[in-house]
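Taking it in order: structure first as structure tokens, then the write-up.
The values are calculated or read from the model by the stated rules, or taken from the named source; none is laboratory data. None of the values given here were measured: they were computed from a predicted structure. Ideal geometry is used to build each Cβ from the backbone, glycine not excepted, and the neighbour counts take in all protein chains shown.
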Amino acid sequence: MSWQIGIEDLDALAIGAAILGTGGGGDPYIGRVMAETAIRENGSVTVYNVDDLDDDRWVIPIAGMGAPTVLFEKVPRGTEPVAAFRRLEDHLGVQDAFPCPIEAGGINSMVPLQVAALLKRPVVDADGMGRAFPALYMQTFHIFGIQGTPACIASEFDDFVILDHLHDNYALEWIARGITIRMGGHTFLSQFPMRGHDVKRSAIRGTLSLGLRIGKAVLLAEKNHRDPLEAVCEATHYAGYGRGQIVFSGKIVEVSRRTADGFARGKVRIQGLNADRDQSFEIEFQNENLLIRHEERILAMVPDLITVLDSHTGLAVTTERLRYGQRVAVLVIPAPAIMKSPEALQVWGPRGFDYDFDYEKYFGR
Amino acid sequence: MKYRLGIDVGGTNTDAVILTPDDMVVAKTKTPVTRDVVSSIRDAVRAVLKDSELPADAISHAMLGTTQVTNAIIERQRLNPVGMIRIGAPATLAVPPLTGWPASLKEMVQRASIMVRGGHEFDGRPMAPLGLNDIRRFLDENAHTLSSIAVTAVFSPVNAEHELAVRDLIGDEYPHLTVSLSHEIGSVGLLERENATVLNAAVAEVASMAANAFEDALREVGVEAALFFAQNDGTLMAMDYALRYPILTVACGPTNSMRGAAFLSRLDDAVIIDVGGTSSDIGMIRGGFPRQSSLAVEVGGVRTNFRMPDLIALGLGGGSRVRESEERVTVGPDSVGYRIIEEAQVFGGDVLTFTDVAVGQKKAHIGHRNPTVSQDLSERAYREALRIIEEGIDRMKTSAEPVPLIAVGGGSALLPDRLEGVSEVIRPLHFDVANAIGAAIAQVSGRVDRIYAMTGRSRDQVIQDAIATAQADAVRAGADRNTLEIIEVEEIPLAYLPSNASRVRITVAGQLAGDPL
């Protein structure tokens, strides 16, 4: 079943996508403005269920790449995402591909909506990350053996680079990020062009709906003076994701960061409040939150979604904005099965982030 | 001979204080604000001079904290239209200036805007040559209808070259225009910085009226002192600087109040509670400055990236209603507010308030009648009120260690001398003029907030460089180099970018040069 997404949904999607961003993915604000402008001009966007795709239909996942700090300063021209999409279509000799998110979390939830609205095409209700992740090979499309190239990277000068062939998806990540730096630190790219039958076997389904659903729950709770945290937890139980759980609430007492290979690694220590008084927790992050430590135990870890929420509003706090003294609640959303296959865990389980232990699912405190 | 005069123009009162060279309060006054700001400042200054028995020429420095600029934005009054120049095209075209502004404000401010080529990348290299001809054409068409221009270039906090070029152009060819440059106002984050810059340009006329009122009032009473404005972060701007960057005064009220209270208590680290009639604000002072909020702040409904003091507001004050239901007793969040002097039991009314239960518990002596509330209920209600306050204090604190609590505001008399998590409760003298004192004791600051490439240099070198830049900025603003202290050092690596660039934020502050301290 397809459905329509309109301007009135964008507030909710921005909130939900920030929560699925697990601390990273960038503030959706600018992507939101771009999508809103396009939808205002061309009308609402049809959202296509994966099951309804023709097996032969071309689908091109599209996203922004690079540093959110650059994006917030060097705001896009607005034409880059469509340029990256159309140039790749030209390269493939295709004219009717559907855009699809690569990443359900953060600003990249909005980019395909803008493309879909401008081209008056449907967007696919799925993505390759199921949340936010820091590297292009961290997608189910890669895990299922689909080739990332040909790909296209576009800048605000209408410059574009076609990556026609790279021997694997790790090379795609390496080369695309290098080009992105030379282009000023943020670009838009289209990659993993594939047919409907490949989308059906490899995509994480329903994640656009999931983001919208979570955001709507937060807004509704606010309107009805209900607890937003409870509302978020209920809303995540959808499309194979588990029911969300608030692991603990507290206040941030220490944030430490360091740069390692271009990634902002760090940890945040949170002192429990109320029911969790006198307890101390630590979240380790690399742009996104990776795991939660409590005493000697690891309570939750990638790829399960760990998001720090403002305890009062239920809105996500990104790792760049973590600061001493904030009052927060820490949410864990169990990831769907497709993200926890042995092949997937090799890519984005703890070992994918240089930890020397295996994934264990979240059992609660 | 070297006394300082602190003035706070608030919504209802104009307060003034005179401090001795060693920071003793010589005289203070509170006078009602009249429509005419000049006369209310003049009256307040006359009153403190008279009280202190000092001649007008004993005042060497005069500091003004004012909400006039803030109110102009919130009330949408007396704002002037702005010409907006955005430098960075073809980037940034997706989100034009004033996107997301409330319609009422947009209407007053919007006059003409242009987006031209230019700007820089995050590493400081130019994106494109500056479109000076387009800017000149834009100014030729619009300059005659404008008094104020806002200039915002992509990555100007890293490289300000293009904004400075526009300033020079306007200075040479359109000298009647006031120019607001974004890199001098905000930090990285183009839209928020541009919003702040446009607001700054829109209050240029209000600011100049406020500054003239201040000067005129002082001249009328014969004070010939160096004049300063208090700004958001608890430091001062010289008059000429304040005229160029009036938006930086927008949150000086709560900052001055907290710094003033801390100063009166002789404490640099403490939690501060301001208990009013309807609500209480809790904040924290560390190293003499308010801890700042991590959230971006909206001013008059517009996103900016200013940082403001981190405050928790509790729905609990002297007039908060006490209610008893089957299971429990509640205090607030609704309040009788200013009607407390008619409606509270201790004033002869029939509403049970926080004030009544505090009097019932013999924690305060207020009003002219004994409350009729039972001992049991007043004890439970008082305990509930303290629970709310203690939880608020705990949320604000940095560790479980007990901290001193500075209690100010009309309702602070209701608080006991012992509270959970509090080492001592301090009730400073003169707290009713804490804002004016906060302005009078303010220091001069310098600031750096920009992106540094870390390649080829050690992190320490970069931080040292940034500190030196901030120190030079403070000295330029009038600080004495020997008294400079580092208030804040923060380094945030740029995510998803393997080029080792970090955003570094440094604030230093020191005493006014030539100040006799």
Item to check | Subset of region A:253-288 that is farther than 25 Å from A:Ala335 by Cβ and among the hydrophobic types (A, V, I, L, M, F, W, C) - its residue that is farthest from the other protein chains (Cβ to nearest Cβ) | outcome: A:Ala275
Item to check | Number of the condition not met by A:Phe188 [criteria: (1) within 30 Å of A:Met1 (Cβ to Cβ); (2) among the hydrophobic types (A, V, I, L, M, F, W, C); (3) not in a strand (DSSP E or B)] | outcome: (3)
Item to check | Meets criteria (in contact with a His (Cβ under 8 Å, 6 or more places away or on another chain), among the hydrophobic types (A, V, I, L, M, F, W, C), more than 10 Å from chain B (Cβ to nearest Cβ) and surrounded by 17 or more Cβ atoms within 10 Å (Cβ to Cβ)) for A:Val328 | outcome: no
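Every residue, every condition in (1) β-branched (Val, Ile, Thr); (2) within 19 Å of B:Glu324 (Cβ to Cβ), yes or no:
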position: B:Thr353; (1), (2): yes, yes
position: B:His368; (1), (2): no, no
position: B:Ala381; (1), (2): no, yes
position: B:Leu386; (1), (2): no, yes
position: B:Ile389; (1), (2): yes, no
Item to check | Among (1) in a helix (DSSP H, G or I); (2) touching a helix residue (DSSP H, G or I) at 6+ places or on another chain (Cβ under 7 Å) - the single one B:Gly367 does not satisfy | outcome: (1)
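Tell me which residues, restricted to region B:313-329, are in a strand (DSSP E or B) and touching a Ser or Thr at 6+ places or on another chain (Cβ under 9 Å). Walk me through it before giving the result.
Kept after step one, since they are in a strand (DSSP E or B), are these residues of region B:313-329: B:313-314, B:320-324, B:329.
Across region B:313-329, the qualifying residues are B:Ala313, B:Leu314, B:Ser320, B:Arg321, B:Val322, B:Arg323, B:Glu324.
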Item to check | Selected residue [under 34 Å from the mean Cα position of the chain (by Cα), small (Gly, Ala, Ser) and at pLDDT 90 or above] from B:Ala364, B:Ala358 | outcome: B:Ala358
Next on the checklist: Show me the strands (runs of 3 or more DSSP E) entirely contained within region A:1-82 in which 2 or more residues are within 14 Å of another protein chain (Cβ to nearest Cβ), under 19 Å from the mean Cα position of the chain (by Cα) and of a type outside the set (Val, Ile, Thr).
Outcome noted: A:58-66
Next on the checklist: Out of the residues in region B:313-329 meeting the condition of being surrounded by fewer than 19 Cβ atoms within 10 Å (Cβ to Cβ) and within 29 Å of the chain's Cα centre (by Cα), tell me which one is modelled with the highest pLDDT.
Outcome noted: B:Gly315
Checklist entry - When A:Gly178 is evaluated against the numbered criteria (1) away from chain B (no Cβ under 11 Å); (2) under 30 Å from A:Gly349 (Cβ atoms), which criterion, by number, is the only one it fails? => result (1)
Item to check | Residue ID - nearest to B:Ala94 (Cα to Cα), chosen from residues in region B:136-156 that are in a helix (DSSP H, G or I) and in contact with a strand residue (DSSP E or B) (Cβ under 6 Å, 6 or more places away or on another chain) | outcome: B:Phe138
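Among B:Ile388, B:Ile406, which is buried (at least 16 other Cβ atoms within 10 Å of the Cβ), within 14 Å of chain A (Cβ to nearest Cβ), in contact (Cβ under 8 Å) with a residue 40 or more places away in the chain and out of contact with any Asp or Glu (no Cβ under 8 Å at 6 or more places or on another chain)? Let's see the steps before the verdict.
On the way: B:Ile406 fails: within 14 Å of chain A (Cβ to nearest Cβ).
Of B:Ile388, B:Ile406, the one residue that is buried (at least 16 other Cβ atoms within 10 Å of the Cβ), within 14 Å of chain A (Cβ to nearest Cβ), in contact (Cβ under 8 Å) with a residue 40 or more places away in the chain and out of contact with any Asp or Glu (no Cβ under 8 Å at 6 or more places or on another chain) is B:Ile388.
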Next on the checklist: Regarding region B:330-340, can at least one residue be identified that is buried (at least 23 other Cβ atoms within 10 Å of the Cβ) and within 30 Å of B:Leu484 (Cα to Cα)?
Outcome noted: no
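Could you tell me whether any residue of region B:410-424 is over 30 Å from B:Ala513 (Cβ atoms), over 25 Å from the mean Cα position of the chain (by Cα) and within 14 Å of another protein chain (Cβ to nearest Cβ)? Break it down stepwise before answering.
Going through region B:410-424, the residues over 30 Å from B:Ala513 (Cβ atoms) turn out to be B:410-424.
Narrowing further to those that are over 25 Å from the mean Cα position of the chain (by Cα): B:413-424.
With within 14 Å of another protein chain (Cβ to nearest Cβ) added as a condition, the list becomes B:420-421.
Yes, the conditions are met somewhere in region B:410-424.
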Item to check | Filter result (at pLDDT 90 or above, among the charged types (D, E, K, R) and either outside any helix (DSSP H, G or I) or surrounded by 15 or more Cβ atoms within 10 Å (Cβ to Cβ) (or both)) within region B:16-50 | outcome: B:Lys28, B:Arg42, B:Asp43, B:Arg46
Checklist entry - Does region A:188-205 include one or more residues that are touching a Phe, Trp or Tyr at 6+ places or on another chain (Cβ under 9 Å), within 14 Å of another protein chain (Cβ to nearest Cβ) and either in contact (Cβ under 8 Å) with a residue 40 or more places away in the chain or buried (at least 19 other Cβ atoms within 10 Å of the Cβ) (or both)? => result yes
Checklist entry - What number goes with the only condition from (1) in contact with a helix residue (DSSP H, G or I) (Cβ under 8 Å, 6 or more places away or on another chain); (2) within 17 Å of B:Thr67 (Cα to Cα) that B:Ile282 does not pass? => result (2)
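Give me the residue from region A:138-162 that is aliphatic (A, V, I, L, M) and either touching a residue at least 24 places away in the same chain (Cβ under 8 Å) or assigned to a loop (DSSP other than H, G, I, E, B) (or both) and, out of that set, farthest from the other protein chains (Cβ to nearest Cβ).
Looking only at region A:138-162, we keep the residues that are aliphatic (A, V, I, L, M), and these are A:138, A:143, A:146, A:151, A:153-154, A:161-162.
If we keep only those that are either touching a residue at least 24 places away in the same chain (Cβ under 8 Å) or assigned to a loop (DSSP other than H, G, I, E, B) (or both) too, we end up with A:138, A:143, A:146, A:151, A:153-154, A:162.
Values: A:Met138: 12, A:Ile143: 21, A:Ile146: 23, A:Ala151: 17, A:Ile153: 14, A:Ala154: 12, A:Ile162: 21 Å.
Of everything passing the filter in region A:138-162, A:Ile146 is farthest from the other protein chains (Cβ to nearest Cβ).
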Checklist outcome for this item: In region A:56-75, anything farther than 17 Å from A:Asp127 by Cα and touching a residue at least 12 places away in the same chain (Cβ under 8 Å) is listed as A:Asp56, A:Gly66, A:Ala67, A:Pro68, A:Thr69, A:Val70, A:Leu71, A:Phe72, A:Lys74, A:Val75
Checklist outcome for this item: For region B:86-107, pairs from a residue that is at positive phi to a residue that is part of a helix (DSSP H, G or I), with Cβ under 6 Å and 6 or more apart or across chains, are B:Leu98/B:Lys106
